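Working notes, beginning with the structure itself.
The values are calculated or read from the model by the stated rules, or taken from the named source; none is laboratory data. Predicted, not measured: the structure shown is a model, and the values here were computed from it. Here the Cβ positions follow ideal geometry from the backbone for every residue, glycine too, while neighbour counts run over all protein chains shown.
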C-alpha cells in the first residue's frame with residue numbers, strides 16, 4: 001500500500017517505510033534513505049524531521065560549497081552510520097581539530113600536492129622544534145589516511161608524500177621486571193592482578209580485558225574468546241565530554257580465540273564464577289572502564305618497578321617473548337588480532353643481539 005507521490009509504504013511485517021532523498025552523489029544522482037514507523041503518521045513525521053535536518057545541514061554547507069570544508073563535512077556525514085562509533089568519533093575529532101582549521105577554508109580548485117605536503121611538513125617540524133611535544137608520527141599518519149579518504153570522496157586525484165618516519169622502538173618489560181610483576185600479581189591473587197597475567201600470557205588489549213565476561217572464558221577447551229572491547233570516546237554531540245561504549249574489537253581479525261596455557265589456567269580457575277554473564281575484572285554485572293583499570297595496574301606496577309610503563313607494554317612484552325621462543329609471525333599475528341601480518345613483522349620481528357648470536361651459533365659449516 002502506498003500513498004501516491006509520498007513514497008510511504010506499508011511493509012509485510014506491518015511497519016510503515018518512508019523513503020527520502022538523503023543526498024546527491026558527485027554525478028548528481030539521488031542517494032536514498034529509509035525510515036520506519038509503527039503507523040503511517042509516525043513514519044511521515046520521522047521523515048519530516050530528518051528532511052528538516054538535511055535542509056539545515058545543506059544550507060550550512062552552501063556557505064562554503066567550493067571549499068575543502070564542504071567536502072570534509074559531507075564525507076563525515078556519508079560515513080557516520082557505516083563505521084563503528086569509536087571510529088567515527090576518531091575521524092570527527094581529527095577533521096575538526098586538524099584538517100578543517102588548516103585546509104578547510106581553501107577553495108577546492110587550488111588544493112595541490114605542494115599545499116598538502118607543506119601542511120604535513122609543518123606538523124613534523126612543529127614536533128621537532130618543540131622537542132617532540134607536537135603530534136606523534138602515528139597521529140600525523142592517521143590524519144594522512146583520513147585526508148586521502150576525503151580526497152577520494154571528493155573525486156580529487158592529488159598525490160602527496162610524507163616525510164620519512166623514524167622506526168619507533170617498542171617498550172617491553174625485561175625478564176626481571178616481568179618476573180617481579182608476575183609474582184606480585186600471583187601474591188595479590190585478585191581479578192585485577194590476574195588480569196595482568198592474562199595480558200602477559202595472551203597479549204589482549206586493555207579494552208578487550210575490561211570487556212571480558214566469564215562466558216568468554218572456556219576452561220574446558222582452555223580458550224579465551226575476544227569479541228568485545230570497551231573504549232572511551234569523544235562525544236561528538238558535546239565535544240567537552242567523553243562517553244564509554246562497548247563495541248566490537250578494532251577489526252574483524254581482532255575477533256579471535258586465544259589458547260590458555262597451563263600456567264595461566266590455574267590462576268583463572270581459582271577465580272571462576274558460576275554466573276557467566278559477570279565481567280571477569282569486577283566479578284559483577286558492571287564493567288570496569290579502561291581508565292580505572294589502568295590506574296589499578298599502575299599501583300600494582302609501582303610496587304615492583306621504578307620505571308613507568310603503559311598497559312600496552314604487556315602486549316608488546318607478550319609478543320616479544322613469543323618471537324624469542326620461536327613462534328612464527330603468522331601465528332602470532334592471529335593471536336594478537338592484527339589485521340595484517342606486516343604489522344606484526346614491523347613491530348616485533350627484530351631479534352636482539354643475543355637471539356642473533358644464538359641462531360648464528362647453530363650454523364654447522366660443511367668445511368672440515
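Details
- Of all the criteria given as (1) on the phi > 0 side of the Ramachandran plot; (2) at pLDDT 95 or above, the one not satisfied by residue 285 is (1).
- Flag if residue 258 is in a helix (DSSP H, G or I), touching a residue at least 60 places away in the same chain (Cβ under 8 Å) and over 18 Å from residue 290 (Cα atoms): no
- Among the conditions (1) outside any helix (DSSP H, G or I); (2) in contact with a helix residue (DSSP H, G or I) (Cβ under 9 Å, 6 or more places away or on another chain); (3) modelled with pLDDT under 75; (4) loosely packed, with under 13 Cβ neighbours inside 10 Å, the only one that residue 60 does not satisfy is (1).
- Only a single criterion out of (1) surrounded by fewer than 18 Cβ atoms within 10 Å (Cβ to Cβ); (2) not in a helix (DSSP H, G or I) is not satisfied by residue 296, namely (2).
- A count restricted to the stretch 213-246 and to residues that are under 26 Å from residue 332 (Cα atoms) and within 17 Å of the chain's Cα centre (by Cα) stands at 7.
- Residue selected from the stretch 207-251 under the condition in contact with a strand residue (DSSP E or B) (Cβ under 6 Å, 6 or more places away or on another chain) and in a helix (DSSP H, G or I), by the criterion farthest from residue 267 (Cα to Cα): 207
- When the stretch 301-339 is filtered for residues that are in contact (Cβ under 8 Å) with a residue 24 or more places away in the chain and not in a helix (DSSP H, G or I), the ones remaining, listed by number, are 303, 304, 305, 307, 309, 310, 311, 337, 338, 339.
- Applying the condition of being in contact with a strand residue (DSSP E or B) (Cβ under 8 Å, 6 or more places away or on another chain) and part of a helix (DSSP H, G or I) to the stretch 261-292 and asking which residue is surrounded by the fewest Cβ atoms within 10 Å (Cβ to Cβ) yields 291.
- Condition met for residue 169 (within 24 Å of the chain's Cα centre (by Cα), outside the structural domain of residue 82 (by TED's automatic domain parsing) and free of Cβ contacts under 8 Å to residues at least 12 places away in the same chain): yes
- Against the list (1) buried (at least 16 other Cβ atoms within 10 Å of the Cβ); (2) modelled with pLDDT of 90 or more, the condition residue 347 fails is (2).
- If you go through the stretch 64-114 and keep only what is surrounded by fewer than 15 Cβ atoms within 10 Å (Cβ to Cβ) and within 13 Å of residue 144 (Cα to Cα), you end up with just 113.
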